[in-house]
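Report on one structure; see the data block that follows.
The values are calculated or read from the model by the stated rules, or taken from the named source; none is laboratory data. In this text the structure is predicted, and so the values were computed from the model without any measurement. We place every Cβ from the backbone using ideal geometry, glycine too, and count neighbours over all the protein chains shown.
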Amino acid sequence: MISSPSLGGRIVRVVPDVSGVNKVFDYLVPETLKNVKVGSVVRVELHGRRVDAWVVSEVEYPSSDINFKEVLSFLSEGPSEEVVQLSQWAAERFCGSLRAVLSSASPALRIKKLGARHGGASRKSGQRSVVDEAEELFHNKRGGVLVWPAPRPLRPVLESGISRGRTLVVTPSVGFARTIAQALRREGLSVALMPDDWQRAAEGVDVVVGARSAVWASIPELKSIIVLDEHDERLQDERSPTWHARDVAIERARALGIPCVLVSPLPTVSATHWAGAEAVRFVEQVAGDWPPIEVVDPYSDLGDEEKPQFGLLSSRLIEVLRDKTQTVVCILNTKGRSRLLSCKACKAIIRCENCDAAVIQNEEGLLECNRCGVHRPSTCQSCSSNALALLRKGVAKMRDEIEKAALRQVVELSADTTIAANASSLVYIGTEAALHRVSSADVVVFLDFDNELFAPTYRAGEQAWTLLIHAIRLLKGSSRALIVLQSQDASNPQYSDFVEPEPRQFIEREQNKRKAMQLPPYAAMARMVFADSSFNPADWAHCNLSFSASAKPTEFLVRAANNELLTQGIKQLRGEFSGRFRCYVDPMRYA
């Protein structure tokens, strides 16, 4: 503990909990506040206002000529010193506010004092079945990636971590975390479910489990970290700073010298790149790991002379919908205005000739790829026709079409839906949220999978697989499980990955594509949103950042060779540019 006797007490550096204030300030801690430490939430006076603040460090001033304001009061326990240091790393890595990260790491309610610390887990590895591949990763000091099929129970994987001692388990959703917590408690383990059990976690339990923000839990003597469903984009915060629980968990484990194991049926390229080939373990696949997946084309039954009728259902899909013994869930993601283009002549989806992503038509009438930035004339890459159509499909319109084709009731799942989404032998339609609202199904149909697979973002393939993994879990328990992908470009080679899933091959192809195009994790990327249109990229070439304009004049896609150069460039820009901007590092979507 640093003290400054000449000043009559300790000096602490604090981050005020005030929006727009991204500076630190130093205050004197009076002798009466002995419980103030790094991480504490305190009350201070700032510019005539009394505000909350986090203590982020203690500092030493050799001179007593400075008059410091005093900390007014101690408000609550806060993140541990280890988590504060982790928060500082994340704020710099993701070019955002330290205040926002500390807020995620703090308890929702004020805690005046922590209780006595409890002992660690007593369960031994031999008491339950374990997985050899998981055991190998946990015995590796760094950990690694475990490719674990979606339908299989996760308990053997968790056992390999719990047997080592206190374990942190991070999941994509609160519901997933709650299910795990309940199961572990029934076995007699002490469990803290974040964020409600923040204090229990800080006092010490066998297992701490929670959704994305659980990665910030203050945990004494942490021995291992497990991130489940690493592929799920819900592990990334969409607000600035856009920290990802995977990256935070990896850095936390590195700093503590403990293993971090990322578990997924199909891990992301970022995960496998971090682990390296030597620390990626594939569990041998067995029958039932993947349900049958069919790709159908709504135009396969039409003659060459017939014009395409957007919104048609294939004959195979109609056959599935009319089987009244099956519960069918239809997914159509139509958030915002669709920009998917199709050729009126040959029905092909208009894609980038460089990277195969779907393209948009810009204001100049050119086709533009938001993934790699290539422009070309508005012609079809298959037949050279310049007669293009914008595909417009809505859930309500498709519900009517499906109901006519299925000859039975179709329920549109929305925020206003009152019917229980558990009735059997029904057809449901909605956005991907429907995958979480229905308890079970026999068939999942993606009505426009082109919109997912060819989305103008480099993560399109991974995001498409995430939807399929949700569908596989929804079908668990059905003896007639089936996934149907409806496409207007069913002959595209990318669809072969889905008909016969092979995680190892998909990962290798995705890695090679990212390397060739210099996309993350082999380069760094951020989306920057400025308060007004006064920013001119040409004036900031000295920051060593590459700027690409977007459809909006105040938004730019920024690239750099690696994360360090991106961080340095944005930090330099933030220090020199007089205007305000927000930064979203490694954005989920940037089209």
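Contact map, the range 282-294: residues that are outside any loop (DSSP other than H, G, I, E, B) paired with residues that are of a type in the set (A, V, I, L, M, F, W, C), Cβ distance under 6 Å, separation 6+ or inter-chain. Pairs shown: 282/147; 293/483; 293/498; 293/499; 294/484. Residue 590 satisfies every condition listed in (1) at pLDDT 90 or above; (2) in contact with a strand residue (DSSP E or B) (Cβ under 8 Å, 6 or more places away or on another chain) except (1). Filtering the range 444-498 to residues that are in a loop (DSSP other than H, G, I, E, B), surrounded by fewer than 20 Cβ atoms within 10 Å (Cβ to Cβ) and over 23 Å from the mean Cα position of the chain (by Cα) leaves 476, 477, 478, 479, 480, 490, 491, 492.
Looking only at residues in the range 196-214 that are touching a helix residue (DSSP H, G or I) at 6+ places or on another chain (Cβ under 6 Å) and farther than 14 Å from residue 166 by Cα, which one is surrounded by the fewest Cβ atoms within 10 Å (Cβ to Cβ)?
Taking the range 196-214 and keeping what is touching a helix residue (DSSP H, G or I) at 6+ places or on another chain (Cβ under 6 Å), we get 207-213.
Checking the rest, the ones that are also farther than 14 Å from residue 166 by Cα come to 210-213.
Numbers: 210: 29, 211: 21, 212: 25, 213: 19.
So the residue we want is 213.
If you check 269, 191, 227 for being assigned by TED's automatic domain parsing to the domain that holds residue 139, modelled with pLDDT of 95 or more, touching a strand residue (DSSP E or B) at 6+ places or on another chain (Cβ under 8 Å) and more than 27 Å from residue 98 (Cβ to Cβ), only one passes: 191. Checking each residue in the range 412-429 for being modelled with pLDDT under 90 and in contact with a Ser or Thr (Cβ under 9 Å, 6 or more places away or on another chain) picks out 413, 414, 421, 422, 423, 424, 425, 426. A single entry from 24, 38 fulfils the requirement of being crowded, with 19+ Cβ neighbours inside 10 Å and either touching a residue at least 60 places away in the same chain (Cβ under 8 Å) or under 19 Å from residue 106 (Cα atoms) (or both): 38.
Would you check if there is a residue in the range 433-448 being within 30 Å of residue 522 (Cα to Cα) and touching a residue at least 40 places away in the same chain (Cβ under 8 Å)? Checked the range 433-448: no residue is within 30 Å of residue 522 (Cα to Cα) and touching a residue at least 40 places away in the same chain (Cβ under 8 Å). Please work out if residue 12 is modelled with pLDDT of 90 or more and within 19 Å of residue 98 (Cα to Cα). Judged against the criteria, residue 12 is a match. Tell me, which strands (runs of 3 or more DSSP E) wholly within the range 517-591 include 2 or more residues that are touching a residue at least 60 places away in the same chain (Cβ under 8 Å)? Correct list: 524-530, 581-585. Listed here are the strands (runs of 3 or more DSSP E) enclosed by the range 1-100 that have at least 3 residues being of a type in the set (S, T, N, Q) and more than 34 Å from the chain's Cα centre (by Cα), and there are none.
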